[in-house]
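The values are calculated or read from the model by the stated rules, or taken from the named source; none is laboratory data. Note that the structure is a prediction, hence the values are computed from the model and not measured. Note: ideal-geometry Cβ built from the backbone for every residue, glycine included; neighbour counts use all protein chains shown. Remember, those area values only see protein heavy atoms, side chains included, never the ligands or the DNA or RNA. Shrake-Rupley method; radii C 1.70, N 1.55, O 1.52, S 1.80 Å.
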Amino acid sequence: MESSAFVDGIDRQLARRKVELSNLTLMVKGDNPDPHRLSCIARSAIVLAYAHWEGFVKQSSSDYVNYVNGVRIKVSELKFSLQAAHVSSSFKRAAASSKTRYLGEMLEEIDRRRNEIFKVSPEKCIDTESNLSSLVFKDILRGIGLDVLPLYETRSVFIDRRLVKARNQVAHGELVSFDAVDVEDRIDGVRLLIDSYAEQLKKAVASNEYINGQ
């Protein structure tokens, strides 16, 4: 995959999600004289706002791993987290025993496999755990060799309480109420996060940040 194709894919996905988020904002800001109808729309919007957060991170992160797959680069040249994803099966086979022989075989196999061309399934690096909290997001970032940006640190409470917790309350049947202000706050926050992550991924591809030492 060419870098331009990766960027185009990220931009298309981002645009589609932002259109739906904008439509949700219009729906809750529209003329809704019936408070029960507004509550239903707001509760639905809370779940969808979270869905676009998790969905974008999962899909775009997978696209990034697939991009690195397509570069066809030696494992040893990549950041260590990506190297670990490639050779992870070697760890699993040796985990059942602490005998020196098995550990030696593991190290030998890892050394050999570091000379292979990188190729992993994105699922090895990316698991949103169906609850994309700030901690899970940071694990994903580190797993694919990206930095945790200061913005993500400052928005940790927003992610955990206003996105994940609120989504779970609605999805698990709690009769919590939200208004238009609540929805706009979450949608604006999701836009900021996915815009920032999109730019980080595009910059990572442009500057080859998957390479060790970059």
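General observations
- Which of Ser130, Ser4, Met106, positive extreme of dipole for the chain (C-beta unit charges): Met106
- Checked against a 24 Å cut-off, the cross-linked pairs Lys18/Lys79; Lys165/Lys202; Lys138/Lys203; Lys119/Lys165; Lys58/Lys124; Lys138/Lys165 give Cα-Cα distances beyond that limit for Lys18/Lys79; Lys165/Lys202; Lys119/Lys165.
- Computed per residue of the chain from DSSP H runs no shorter than four, each worth -39500 (n - 2.57), the mean residue ellipticity at 222 nm is -22000 deg cm²/dmol.
- Extension gain from Ser62 to Ser88, taking 0.36 nm per residue of separation minus the Cα-Cα distance: 7.6 nm
- Residue (of Ile187, Ser81, Phe158) at the positive-pole extreme of the chain, dipole from beta-carbon charges: Ser81
- Calculated FRET efficiency for the pair Leu151/Arg37, C-beta based, R₀ 25 Å, to 0.05: 0.10
- Debye, to nearest 20: dipole size of region 164-214, +1 on Lys, Arg Cβ, -1 on Asp, Glu Cβ: 280 debye
- In the context of the full set of protein chains, the chain has a per residue accessible area of 53 Å² (1.4 Å probe).
- Rounded to the nearest 20 debye, dipole of region 16-70 from Cβ charges on Lys, Arg, Asp, Glu: 20 debye
- Highest average first, the peptides 43-54, 185-196 ordered by how many other beta carbon atoms sit within 10 Å of their residues are 43-54, 185-196.
- For Asn115, the shell of other residues with beta-carbons less than 15 Å away shows a net charge of +1, using +1 for Lys and Arg and -1 for Asp and Glu.
- Carbon + sulfur, % of accessible area of region 1-136 - ligands and nucleic acids excluded, 1.4 Å: 54 percent
- Charge sum, other residues only, whose C-beta stays under 13 Å from Lys203's C-beta, Lys/Arg counted +1 and Asp/Glu -1: -3
- Cα centre as origin, Lys/Arg/Asp/Glu Cβ charges: region 51-168 dipole, Debye: 120 debye
- Principal-axis analysis of the Cα atoms of the chain puts helix 3-29 at an angle of about 20° to the longest axis.
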